[in-house]
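Following: one structure in structure tokens, then a few remarks.
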Amino acid sequence: MISLPKIARPALLIGTLFAMALGSMATAEDRFKDVEITPIKLSNTTYMFVGSGGNIGVSAGEDGVLIIDDQFAPLANKISLALSQIQTGAPKFIINTHYHGDHTGANAHFGKMGTIMAHDNVLKRLASDNKTAPEALPVITYDQGITVHFNGDALKVRHMGPGHTDGDSVVIWSNDKIVHMGDLFFKDKFPYIDLKAGGSVEGYRDNVSAVLRGLDEQTKIIPGHGALANKSDLTRFKHMLDASITWMKDQKQSGLSLAELKTAGMPEKWKGWSWQFISEEKWIETLYNDL
């Protein structure tokens, strides 16, 4: 065995850690290198951007550019490029629908040029992580909501209580009949409800119900994840939530354990809502732990 001089050992350790950090960064870049940011035009001034992570809402017009959510940090330049193909100029405003990294990852990039706004609890949760850069933090926060008058419309940003997390917002266009749901809507999929971040199964369902009451058949719905949707899609999602809650309450009254429920599974009608991140078993576990 070759014994290294004591002075050389710290240098070797630092070099190894540096190499590991570079490797981690390269892995992150590789993960997103083939991602394309695809714009979908919803009105004269409104777009939905699809990439990797939460769907982005965009308002672009005479007043400038506003975005709702900004996906992962390595996609910041791709998002900027996609925005520049619609309209020049960095976003003036960035609205975060909640704090998760697939919706706020590029905050540090866009926060240097624009103003980030979000619910009070988004700031609290982002600021509690010492890895969050100061420029990634919301500058304007609110309790119940805020209205942004921009590009000929009034964007009503509303917080309705615990659901996906304790800091969720939906954004409703007053004129264009468009709504961005954030992660209060996973189209055709079981939702992720972050119970450790103040989420609530019944609160989630009630928030979806509250949004539905204000929509009509012409409303275009930007889900947190999934393809552009309409009222029928959101209604179907709400029916799944209702059925899941009723089913779990019945099962718990029968005294079945979580393990037994996972083995038996949900009614056949809802099995197709399972997906990679929230499988049927994970959804059963979420329902069981919160109800």
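Please find, among 241, 234, 228, 261, the residue that is surrounded by 16 or more Cβ atoms within 10 Å (Cβ to Cβ), farther than 30 Å from residue 58 by Cα and among the hydrophobic types (A, V, I, L, M, F, W, C).
On the way: 241 fails: farther than 30 Å from residue 58 by Cα; 234 fails: farther than 30 Å from residue 58 by Cα; 228 fails: farther than 30 Å from residue 58 by Cα.
Answer to the check: 261.
All but one of (1) modelled with pLDDT of 95 or more; (2) not in a loop (DSSP other than H, G, I, E, B) hold for residue 252; which doesn't?
Just one mismatch for residue 252, condition (1).
So which helices (runs of 4 or more DSSP H) are wholly in the stretch 58-161 and hold at least 1 residues that are touching a residue at least 60 places away in the same chain (Cβ under 8 Å)? Even if it seems obvious, please write down each step before you answer.
On the way: elements: 76-84, 101-104, 107-111, 120-127.
Result: 101-104, 120-127.
For the stretch 174-199, what are the residues that are out of contact with any Ser or Thr (no Cβ under 6 Å at 6 or more places or on another chain), farther than 23 Å from residue 270 by Cβ and open to solvent by 10 Å² or more (accessible area, probe 1.4 Å)?
174, 175, 196
Restricting attention to the stretch 207-218, does a residue exist that is acidic (Asp, Glu) and either under 17 Å from the mean Cα position of the chain (by Cα) or part of a helix (DSSP H, G or I) (or both)? Spell out the reasoning first.
Keep residues of the stretch 207-218 that are acidic (Asp, Glu), which gives 216-217.
Pick out the ones that are also either under 17 Å from the mean Cα position of the chain (by Cα) or part of a helix (DSSP H, G or I) (or both) and you get none.
Looking for residues that are acidic (Asp, Glu) and either under 17 Å from the mean Cα position of the chain (by Cα) or part of a helix (DSSP H, G or I) (or both), one finds none in the stretch 207-218, hence no.
Give the number of residues within the stretch 258-291 that are outside any helix (DSSP H, G or I), among the polar types (S, T, N, Q) and touching a helix residue (DSSP H, G or I) at 6+ places or on another chain (Cβ under 9 Å). Before the answer, list the steps.
First pass over the stretch 258-291, keeping only residues outside any helix (DSSP H, G or I): 265-267, 274-279, 291.
Now drop any that are not among the polar types (S, T, N, Q), which leaves 274, 276, 279.
Those left that are additionally touching a helix residue (DSSP H, G or I) at 6+ places or on another chain (Cβ under 9 Å): 274.
Total meeting the criteria: 1.
Looking at residue 53, is it buried (at least 21 other Cβ atoms within 10 Å of the Cβ) and either of a type outside the set (Phe, Trp, Tyr) or not in a loop (DSSP other than H, G, I, E, B) (or both)?
Details: buried (at least 21 other Cβ atoms within 10 Å of the Cβ): yes; either of a type outside the set (Phe, Trp, Tyr) or not in a loop (DSSP other than H, G, I, E, B) (or both): yes.
So residue 53 passes the test.
Check residue 57 against each of (1) within 14 Å of the chain's Cα centre (by Cα); (2) more than 21 Å from residue 119 (Cβ to Cβ) and name the one condition it does not meet.
(2)
Out of all the residues in the stretch 27-44, is one or more open to solvent by 50 Å² or more (accessible area, probe 1.4 Å), of a type in the set (Val, Ile, Thr) and modelled with pLDDT under 95? So that I can check it myself, show each step before the final result.
As a first pass, look at the stretch 27-44 and keep what is open to solvent by 50 Å² or more (accessible area, probe 1.4 Å): 27, 29-31, 33-34, 36, 38-41, 44.
Applying the additional criterion that residues be of a type in the set (Val, Ile, Thr) yields 27, 38, 40.
Then keep just the ones that are modelled with pLDDT under 95; that gives 27.
The answer is yes; a qualifying residue exists.
Out of all the residues in the stretch 209-230, which are without any contact (Cβ under 8 Å) to a residue 40 or more places away in the chain and within 22 Å of residue 162 (Cα to Cα)? It would help to see each step written out before you state the result.
First pass over the stretch 209-230, keeping only residues without any contact (Cβ under 8 Å) to a residue 40 or more places away in the chain: 209, 212-213, 215-217, 230.
The answer is 209, 212, 213, 215.
Taking residue 70 and the conditions (1) of a type in the set (Asp, Glu); (2) open to solvent by less than 40 Å² (accessible area, probe 1.4 Å); (3) over 26 Å from residue 153 (Cβ atoms), which numbered condition does it fall short on, given that it satisfies the others?
(3)
Given the residues 283, 273, which is the only one that is within 26 Å of residue 54 (Cβ to Cβ), in contact with an Asp or Glu (Cβ under 8 Å, 6 or more places away or on another chain) and not basic (Lys, Arg)? Write out each step before concluding.
Working: 283 fails: in contact with an Asp or Glu (Cβ under 8 Å, 6 or more places away or on another chain).
Unique residue meeting the criteria: 273.
The values are calculated or read from the model by the stated rules, or taken from the named source; none is laboratory data. Keep in mind that this is a model prediction, so the values were computed, not measured. Cβ: placed from backbone, ideal geometry, glycine included. Neighbour counts: every protein chain shown. Protein only, heavy atoms only, side chains kept; ligands, DNA and RNA dropped before computing areas. Shrake-Rupley method; radii C 1.70, N 1.55, O 1.52, S 1.80 Å.
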